[in-house]
Each structure stands twice: as C-alpha cells, then as structure tokens.
Amino acid sequence: MLPKCCYVTWMVYGTVSLMQHACTGTPQVVRSWLMDVVAKQTVVRKSFEMTLPVGGGHGCNKKISYTNPYLAARVFHVRASRPDLVHVKDPQLEIGPSRSASIGLQFVPAATRGFAEILIFINDEEDRNEDTFCVKVTYQ
C-alpha cells in the first residue's frame, strides 16, 4: 500500500511498460519498474458444441473427460473463462498416471437466445496452463 503522498505513473511503449512510484511533495522518483509484457492466445486442444434450451430451469450438466498425460499422479485445477455461464463442479482434480477423470460442468439457465464461447482451462498445481478446451454453446 502506498502512502497518501505518493502516486504511481504508468507509461506504455509498445510491449514495454514503465511504472514509476513518486512522491507528490517532491519530483523525486522513489521506485521504477521496466516491464516487457508478452501475451499469447492459448491453444485450444478440443472443442465441443452444444445446444441448450432458453429458460432451462436448473440449468444443464455436461461431463468432459480429461486424461492425465504424465506417468505420475497429478493435481489439476480447472476453471472457466465465463463463470457467469458455467460452474466447474470440482475445480481440483487429482488424476493417477495415464488415468482419466471427468470434469463436471453445470451451465446456468439462459433467459434469452444467443451464443457463447466458453474456454475451460486445465492448469497444473502452479497454475500454468496444461490444456484448454472450448465449449461453444447455442441457447435456443
């Protein structure tokens, strides 16, 4: 937390950003950080398409199978890009070596017709992305 007499400036030059922490009483810069930020779009390994009814009562459930590609047991963390549209039933999966487990998804009922593209991220224990699935949902 910064003291009240301090402020932070942020300048962006392409992919390089400069952030400075300074005091309001003097022109002195207290700290300075130079950051090079690179972001890549994730690679989608599997895609699923589904049609859900509008006003579907309690929502709809779907299970997606995921196989641990490693020769050792691993813990995976699962989350969705649109938690307002789908809930991951068990966000942590412990899967044995070369074994499969089901990712349970519960879709929230939609009030109107439309289309949504939802990414399901499967990350390792350090929250690094292992796999990404895409669920394309049409509400009719």
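Read the figures in this text as sums done on the coordinates, not as results from a lab. All figures in this text were calculated on a predicted structure; none of them were measured in a lab. FYI the Cβ positions are ideal-geometry reconstructions off the backbone, even for glycines, and counts take in every protein chain you see.
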Q.
Given R₀ = 25 Å, what would the calculated FRET efficiency be for ARG79 paired with THR51, taking r from the Cβ atoms and rounding to 0.05?
A. 0.60
**Q.** Summed side-chain charge close to ASP127 - residues other than ASP127 whose Cβ falls under 15 Å, Lys, Arg +1, Asp, Glu -1
**A.** -2
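Below 13 angstrom from the Cβ of ASN68, what's the summed charge of the other residues (Lys, Arg +1; Asp, Glu -1)?
Details: positive: ARG74, ARG99; negative: GLU94, ASP124, GLU125, GLU130, ASP131.
Charge balance near ASN68 sits at -3.
Lys and Arg at +1, Asp and Glu at -1: add these up for the other residues within a Cβ distance under 15 Å of GLY104 and post the number. Before the final figure, lay out the partial values.
Values: positive: LYS62, LYS63, ARG79, LYS89; negative: ASP90, GLU94.
Its environment carries a net charge of +2.
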Q) Straight-line reach from LYS62: which aspartates and glutamates have Cα under 13 Å away, leaving out those fewer than 8 places along the same chain? A) GLU49, ASP90
Q) Can you give me the Cα centroid spacing of region 34-78 and region 85-140 in angstrom? A) 4 Å
